[in-house]
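Asker: Sharing a structure with you now.
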Amino acid sequence: MFLAVKELMHSKMKFLMIVIIFVLVAWLVFILSGLGNGLSTLAASAFQNMKADYVVFEQGAQSTMGKSLLSDELVAQAEKLPNVAAASPMGSTMATALKGNSTKNEDKVDIAILGVLPGSFLEPAVIEGVGLAAANPTGVIVNKTMKDDGFKLGDTFQLDGSTQALTIIGFVDNQTYNHLSAVFVPMSEWRKITFAAPGSDKGIADPVNAVMLQGKHIDPAYISSKLSNTDTVTRGAAIHGMPGYKEENGSIMMMLGFLLAISAFVLGVFFYVITMQKTNQFGIMKAIGARNGFLGKAIVSQVVVLSLTSIVIGILLTYGTAAIMPKGMPFKLEMNLVIEYSVILLVIAVLSSLVSVRKITKIDPLKALGRAE
């Protein structure tokens, strides 16, 4: 470590260039991971935060709420099955909320209406106002982002193309669905909104899109076999079944993968070139008795110091960038992601330096000093 630090202090400009490159790579990695996580949260935070472990869909619905239609009778049947602690119905539909009585396009807000039973484990905790009540079917709780669109507690809004009007009685936090603010309504009201057109319920009594289950040791195959015409999947599988979720997430992960692969190549080339420039120095050190292990540790120590410095600066730049991002930007960089990608970047840097370490072990002191051909 002493030798590594000594050289870093001696050749500041050379190593500063490497730090700048590494900082830019780390900065971009953290920005992309934050954006990817933010988009993922915006697409499915309502599902991600639900206290449900498994989801029952209609058979062949491909784990997608919009393709599934079941009878509410399945809820009672599911509750009687082994390892099912609780079951509750859920429905979803997209709609447009009108501010007041306005019909102007700029006063229309796209929302995701989620039907749940008042007081069930699917109803999120309110941060302002009160929760859902069966006695007040038109009272709804909405994601707090609707405040940015001009809605406030006690406001009544009408749904575009419908006679249904809903009143905001509470606000919840971090509840979005398909990139839209989630509006939680009692199941009875959700059915009125979703199946207003005659025959749209396909003749199913009390239709729901899915049945959510609680229970840590549930066997999905067994549940599907006992509930006719159903597929039971984990909550994670249901999230990946949301339209566009896998594609959106996959695009971000592919970009991150390419970025990490390119950074490994670039860093490896930098460290290799620097090592080649010091061939004579290493030759002299080996001639006076320095072992390969000692020189290898010096190189790796150098890389670790440079990497940790660059990663810390990259993290600080990322949080600084996040602070000036527009309010609507879906950016969410959690500490576990910071730690995960910091470790990945550090490992990549160390592995990239191993090519240089291997080169050192092959240096012949006599050839390096020009005493042999």
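The values are calculated or read from the model by the stated rules, or taken from the named source; none is laboratory data. Computed from a prediction, not measured in an experiment: that's the story for all the values here. Note that each Cβ is placed from the backbone with ideal geometry, even for glycine, and that neighbours are counted across all protein chains shown. Just so you know, the surface numbers come from the protein's heavy atoms only, side chains and all, with ligands and any DNA or RNA stripped out. Shrake-Rupley method; radii C 1.70, N 1.55, O 1.52, S 1.80 Å.
Asker: For segment 131-246, which strands (runs of 3 or more DSSP E) that fit wholly inside it have 1 or more residues that are modelled with pLDDT of 95 or more, in contact with a Gly (Cβ under 6 Å, 6 or more places away or on another chain) and within 19 Å of M90 (Cβ to Cβ)?
Answerer: By residue number, 139-143, 165-172, 180-186.
Asker: Of all residues in segment 57-74 being within 13 Å of K202 (Cα to Cα) and touching a Pro at 6+ places or on another chain (Cβ under 9 Å), which is surrounded by the most Cβ atoms within 10 Å (Cβ to Cβ)?
Answerer: L70
Asker: Can you pull out every residue in segment 326-335 that is open to solvent by less than 90 Å² (accessible area, probe 1.4 Å) and of a type outside the set (A, V, I, L, M)?
Answerer: P326, G328, P330, F331, K332, E334
Asker: From G161, G199, G170, grab the single residue that is closer than 18 Å to S71 by Cβ, small (G, A, S) and in the same structural domain as V126 (by the TED database).
Answerer: Being closer than 18 Å to S71 by Cβ, small (G, A, S) and in the same structural domain as V126 (by the TED database) holds for just one of G161, G199, G170, which is G199.
Asker: Shifting gears a bit: What tally of residues in segment 147-181 results from selecting those that are under 11 Å from V109 (Cα atoms) and free of Cβ contacts under 8 Å to residues at least 60 places away in the same chain?
Answerer: Counting residues in segment 147-181 that are under 11 Å from V109 (Cα atoms) and free of Cβ contacts under 8 Å to residues at least 60 places away in the same chain gives 3.
Asker: Now a separate question. Suppose the filter is free of Cβ contacts under 8 Å to residues at least 40 places away in the same chain, at negative phi, open to solvent by 40 Å² or more (accessible area, probe 1.4 Å) and of a type in the set (G, A, S); does A205 pass it?
Answerer: Answer is no for this residue.
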